[in-house]
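S.K.: Handing you a structure now.
The values are calculated or read from the model by the stated rules, or taken from the named source; none is laboratory data. These numbers were taken from a predicted model, which means no experiment stands behind them. Here the Cβ positions follow ideal geometry from the backbone for every residue, glycine too, while neighbour counts run over all protein chains shown. Keep in mind that these areas ignore ligands, DNA and RNA; they rest on the heavy atoms of the full protein, side chains included. Shrake-Rupley method; radii C 1.70, N 1.55, O 1.52, S 1.80 Å.
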Amino acid sequence: MIPMVAIVGRPNVGKSTLFNRLTKSRQALVDDFPGVTRDRLYGRVDRDEGSFTLVDTGGFDPPEDMEFAPAVHAQIELALEEADLILFLADGRAGISPMDYEVADKLRKTNKPVITAVNKVDGYEHEAAAGEFHALGLDPLHFISSAHGYGVNGLLDEIFGILPPMAEPEEQGEFDPEAEEAEITIRVALAGRPNVGKSSMVNALVGGNRVVVSDVAGTTRDAVDTPFSFGGKEYLLIDTAGIRRQGKVKSKLEKAGVFRSLRAVDRCHVAVCLIDAGEGVTDSDLRVIGQAVENQRGLVVALNKWDLLKGKPEAQKKLKKDLEYALRFAPWAPVITTSALKGQGVKNLLPTVNQVFNEYNKRLPTGQLNRYLEDALAKHQPPMVKGRRLKFYYASQVAVRPPTVVIMVNNPERVHFSYRRFLINELRGAVGLTVSPLKLILKERSGRRTKPKKRRS
């Protein structure tokens, strides 16, 4: 599971600027990521040491009596509970404030690691002026400038020094079929906004005599992991219900729901994104879909509360059109209509999850895979780059969940996104992946071949 780092602090301390600086290596997730608006809710930070998800929790904005507003209190509690590490950001130009003391006191009471960064410090000569922040008692401090990059590398070094290392799939080498078969429980995340019907869906799935159910408390106060058996298969439903208990203010509630949904998606094999058919596709729904696509999880979209659109063909048509646009970067994701409260369409959910999971585990014979690659290259010849044509040598599958294919190429950095997408689509169609993502890794291989040495007589 990808670790989560939450940025907390007062408004206007530079959280968004720091967010952009730290996620610069994955601008697709911030600006161009499929379906995600540019509100900078979350992003992924990648370095050689590993990766983590960065979450912007918004600024503390208390009323005049310095008490936390209910919504802000719910948000900070959520960040403290869910994040693996807290990044506390303060404003070096504005100086220390009573709210900084409030936040520092709260962070000291947690069991989570905390890193404190004083922002808007543009150089070593300005660090002395910002030394008053030592009074917060959260030493050591990092003095940084998120706008100019001063001190940011040192901050990242400490973050990665605290977070546990995460093995990337491409570093795992050839997969072991016996080891892959050892894990047979299908982890299914029911993700979506609050009140979209996640709890009702869990009850509809496990609330009958045909299943064996036992509830096991999850790692958080409100999340519940529900293992159960159905049709000879083992499942683990990862629910994110109960957000409203932490704060009833709607302006912060949606963000809290998305935060937990992202966490659930990180743990699953197949993410079921529930969308309220009555409200249509929202930015929060797109973030959940985007997280599943970014992490290359299996994805099923369930238009829940479909009964609300009964007898409204125009509304149904508009919703499906909006969803088709939202899924333009994941057209393989199956879409079903359900009403968890009335039990309509629920029987189709698990068979659809099974179909996705089966493809998610699909293994592709190397010889067959290379024939498909040759057909794709013949269909659309690799482009010329600086007067030389790209050369694709051979392909092999190195992992499942999702099916991960490595193609050796002479210059992978020169492969345009459009041609990469063409290869993915061609291979997906050839190997029969209709409802699962395919991960494609391009690795460099020199086209030169050493001449065989002559045998001595």
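S.K.: Over the heavy atoms of Y393, what accessible area does a 1.4 Å probe trace out, to the nearest 10 Å²?
M.R.: 60
S.K.: Top to bottom by accessible area (1.4 Å), largest first, where do Y372, Y101 land?
M.R.: So, going from the largest accessible area down, we get Y101, Y372.
S.K.: I need the calculated FRET efficiency for the pair R389 and D46, taking r as the beta carbon distance and R₀ as 30 Å, to the nearest 0.05.
M.R.: So, using R0 = 30 Å, E works out to roughly 0.50.
S.K.: Counting only the heavy atoms of the protein chains, how much of I2 is accessible to a 1.4 Å probe, in Å² to the nearest 10?
M.R.: 10
S.K.: Is the C-alpha gyration tensor of segment 277-365 telling us rounded, prolate or oblate? Criteria: a/c under 1.5 is rounded; beyond that, a/b larger than b/c is prolate, otherwise oblate.
M.R.: Oblate.
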